[in-house]
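Structure first, commentary second.
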Amino acid sequence: MKRLRHRPGSIFFLVCSFFVLSCNQTYYKADHIDKSVVAHRGMVVSAHALASEVGVKILKKGGNAVDAAVASQFALAVVYPRAGNIGGGGFMLIRTEEGNYSCLDYREKAPGMANKDMYLRPDGSVIDSASIFGALAVGVPGTVDGLISAWEKFGQIRDFGKIIEPSIEFARKGFAISQEEADRLNQYKNDFQKFNPFPNPFVKSKAWVKGDVLIQEELAQTLERIKIKGRDGFYKGETAKHLVITVQKSGGIICEKDLEEYQVVWRSPIETKYRSYRVVSMPPPSSGGIALAQLLELIEPFNPGALGFHSPESIHLMVEAERRVYADRAKFLGDSDFFDVPASTLLDSSYLSAKMKDFDPGFATKSSSIQSYDLPDREHFETTHTSVVDKNRMAVSVTTTLNSNYGSKVLVEGGGFFLNNEMDDFSIKPGFPNQFGLIGNEANAIVPAKRMLSSMTPTIVEKDGKLFLVLGSPGGSTIITTVFQVIVNIIDFEMTLDDAVDQFRFHHQYLPDKIFIEKDGLEQVVKDNLQAKGHDFGTYERIGLVKAIRVLADGSLHGVGDRRSDVDVEAY
Ligand code: GLY
């Protein structure tokens with residue numbers, strides 16, 4: 001089936017969402033989802049059609065890629081509450097039309113009262129799920145400061161109201177939910193009730209069904225306060241009061257001072273050259289940029305393109321690179337403001353070539369099996385990525401998260417938004433796996449005001465000095481391998497963006513010592529061959545949810561939303 005839908009720039013396309021009149025109530029409804037679009041001017045690929053549409057409308061009104069990205073992020077906080085957020089954090093990579101990069105870190109921080117052993121009993125054992133569910137799991141949110149900082153520095157539309165008003169409208173008037181959203185809300189009903197024993201918009205007596213309208217009036221009021229007061233509308237005053245009361249009455253430790261003191265950090269990106277391409281991505285406290293650069297440099301000398309796509313040889317090579325890179329991640333990566341991350345060594349070519357000295361094309365290297373465990377049941381699609389390109393080819397690659405679906409499941413009473421459970425991304429005890437099965441150490445230990453290590457990998461690729469690819473994905477620990485494989489599919493296996501994103505994916509993260517594959521993804525004969533080399537397998541329902549834009553040879557934009565979910569491309 002050819003899914004590509006061309007949209008010549010000269011044709012003013014139909015607005016994809018519309019108001020619906022029903023019992024005197026107007027609400028929003030996305031009328032279609034596009035997965036693959038070619039257009040000439042600008043493009044937004046996000047997890048929700050309404051958010052993509054908001055971004056494109058901003059572009060059409062003369063906004064640039066940052067205006068569009070910020071507006072769509074606020075919209076996602078309403079229409080994609082499982083991961084879009086104002087109660088979480090994220091990373092934004094910006095490439096200006098002149099080709100200059102800025103990297104914005106608005107990751108959550110540990111509260112001032114946090115300490116290294118806060119999830120341990122006196123005997124050193126881990127308190128079950130305390131870093132995953134409930135108010136103690138919440139890190140100090142960074143999203144509102146992040147989005148406003150990006151807009152203040154780069155936005156072209158100087159009226160912030162125009163950026164945030166669409167999200168206020170979505171919250172106040174409501175929007176019709178999809179089947180996937182209905183399923184998700186039903187799945188978490190018990191958690192919503194357990195952690196929020198007060199009436200709230202996410203719980204109703206009957207099961208949610210497709211087409212039900214989700215109205216979030218308290219969230220609309222919070223967004224109004226942000227519209228009027230900027231960051232103070234979140235970090236001070238009424239919203240801050242609601243947040244602190246909610247958290248503290250449920251056993252959490254965030255206080256007013258934590259919120260007042262929250263600040264984003266502008267950082268220098270990590271970059272590497274892969275073949276003739278320049279790959280730019282996020283530095284610590286995300287592991288994404290360093291890990292992606294290491295992966296690409298480790299496989300480059302082995303010419304994966306010559307080994308055959310998804311052949312046992314190419315999968316083995318990439319898995320062995322992944323194993324080695326995730327071992328480094330566990331040992332060396334954390335917030336560089338608190339731990340001396342040896343970034344230049346980790347990216348040094350002699351260090352990297354030494355790493356592959358024991359690579360054997362015939363056999364799997366065993367991850368040092370000092371400890372062995374299985375991944376806990378995991379939630380895969382808790383983060384969300386958005387890619388934006390404008391008519392001047394300014395680009396934004398932004399990934400944001402609450403960590404798990406709906407974060408800690410704690411909803412700010414009176415504020416209407418979910419709070420993250422990002423504290424689980426710290427290493428709560430050396431070698432103890434987090435919800436993604438990732439282990440860590442001192443580099444990622446909890447310290448007050450420190451940022452927890454992330455795997456988010458918002459990435460931009462250049463070819464011949466020009467914008468070539470904007471991409472990213474949710475998926476916890478699998479984000480890095482997802483972005484890695486899409487880039488290799490395009491550069492080494494010469495695929496179109498559709499094919500590069502559609503292909504099944506695999507993932508190895510050092511421990512557990514298994515190749516995780518998407519269900520039904522791998523031919524039995526390939527699997528047998530890899531097993532003969534000594535690999536074990538695990539299965540994930542799906543790996544990654546890519547949102548990507550590629551600049552084609554004629555300068556037009558090709559946007560692809562992953563077939564694996566409701567991801568949508570809008571363009572003009
Ligand atoms: N919370 C997932 C990540 O930041 O990697």
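Among the residues examined, residue 138 does not qualify as in contact with a Phe, Trp or Tyr (Cβ under 6 Å, 6 or more places away or on another chain) and either surrounded by 24 or more Cβ atoms within 10 Å (Cβ to Cβ) or among the aromatic types (Phe, Trp, Tyr) (or both). Hey, could you check segment 399-429 for residues that are of a type in the set (A, V, I, L, M) and more than 13 Å from the ligand (Cβ to nearest atom) and say which is farthest from residue 570 (Cα to Cα)? Among those that are of a type in the set (A, V, I, L, M) and more than 13 Å from the ligand (Cβ to nearest atom), it is 428. Just one of the listed residues (148, 164) is closer than 16 Å to residue 71 by Cα, surrounded by 17 or more Cβ atoms within 10 Å (Cβ to Cβ) and touching a helix residue (DSSP H, G or I) at 6+ places or on another chain (Cβ under 7 Å), namely 164.
Taken over segment 537-562, the residue count meeting the criterion of being part of a loop (DSSP other than H, G, I, E, B) and either aliphatic (A, V, I, L, M) or at pLDDT below 95 (or both) is 7.
Among the candidates 492, 528, 498, 536, single out the residue that is under 30 Å from residue 570 (Cα atoms), charged (D, E, K, R) and surrounded by fewer than 19 Cβ atoms within 10 Å (Cβ to Cβ).
So the residue among 492, 528, 498, 536 that is under 30 Å from residue 570 (Cα atoms), charged (D, E, K, R) and surrounded by fewer than 19 Cβ atoms within 10 Å (Cβ to Cβ) is 498.
So which residues in segment 225-239 are closer than 13 Å to residue 144 by Cα and acidic (Asp, Glu), if there are any at all? Once the filter is applied, which keeps residues that are closer than 13 Å to residue 144 by Cα and acidic (Asp, Glu), segment 225-239 yields only 232. In segment 453-482, how many are polar (S, T, N, Q), more than 10 Å from the ligand (Cβ to nearest atom) and outside any strand (DSSP E or B)? Total meeting the criteria: 3. If you check 436, 432 for being within 14 Å of the ligand (Cβ to nearest atom), in a loop (DSSP other than H, G, I, E, B) and surrounded by fewer than 24 Cβ atoms within 10 Å (Cβ to Cβ), only one passes: 436. In segment 57-75, the residues that are in contact (Cβ under 8 Å) with a residue 40 or more places away in the chain and surrounded by fewer than 24 Cβ atoms within 10 Å (Cβ to Cβ) reach residues that are outside any helix (DSSP H, G or I) and hydroxyl-bearing (Ser, Thr, Tyr) with C-beta atoms within less than 8 angstrom, at least six apart or across chains, in these pairs: 60/572. On the given criteria, is residue 500 more than 25 Å from residue 99 (Cβ to Cβ) and assigned to a helix (DSSP H, G or I)? In short, no. Within segment 547-564, the presence of at least one residue that is surrounded by fewer than 19 Cβ atoms within 10 Å (Cβ to Cβ), within 24 Å of residue 50 (Cα to Cα) and in contact (Cβ under 8 Å) with a residue 40 or more places away in the chain is confirmed. When 321, 291, 395 are checked against the criterion of being crowded, with 22+ Cβ neighbours inside 10 Å, modelled with pLDDT of 95 or more and within 16 Å of the ligand (Cβ to nearest atom), 291 stands alone in meeting it.
Among the residues of this structure, residue 523 counts as one that is closer than 21 Å to residue 313 by Cα and either of a type in the set (A, V, I, L, M, F, W, C) or more than 22 Å from the chain's Cα centre (by Cα) (or both).
Taking segment 142-157, which residues are part of a helix (DSSP H, G or I) and not β-branched (Val, Ile, Thr)? Residues satisfying the conditions are 145, 146, 147, 149, 150, 151, 152, 153, 154.
Of the set (1) more than 16 Å from the chain's Cα centre (by Cα); (2) surrounded by fewer than 24 Cβ atoms within 10 Å (Cβ to Cβ); (3) within 10 Å of the ligand (Cβ to nearest atom), all apply to residue 449 but (3).
Filtered by the rule that a residue be modelled with pLDDT of 90 or more and under 27 Å from residue 132 (Cα atoms), segment 341-378 gives a lone residue, 341.
The rows are residues; the columns are (1) on the phi > 0 side of the Ramachandran plot; (2) without any contact (Cβ under 8 Å) to a residue 40 or more places away in the chain; (3) touching an Asp or Glu at 6+ places or on another chain (Cβ under 8 Å).
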position	(1), (2), (3)
242	no, no, yes
259	no, no, no
272	no, no, yes
275	yes, no, yes
278	no, no, yes
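Inclusion of residue 228 among residues that are of a type outside the set (Phe, Trp, Tyr), within 16 Å of the ligand (Cβ to nearest atom), within 25 Å of residue 141 (Cα to Cα) and in a helix (DSSP H, G or I) is not warranted.
The values are calculated or read from the model by the stated rules, or taken from the named source; none is laboratory data. This is a predicted model, so every value here is computed, not measured. Glycine gets a Cβ as well: all are built from the backbone with ideal geometry, and neighbour counts include every protein chain shown.
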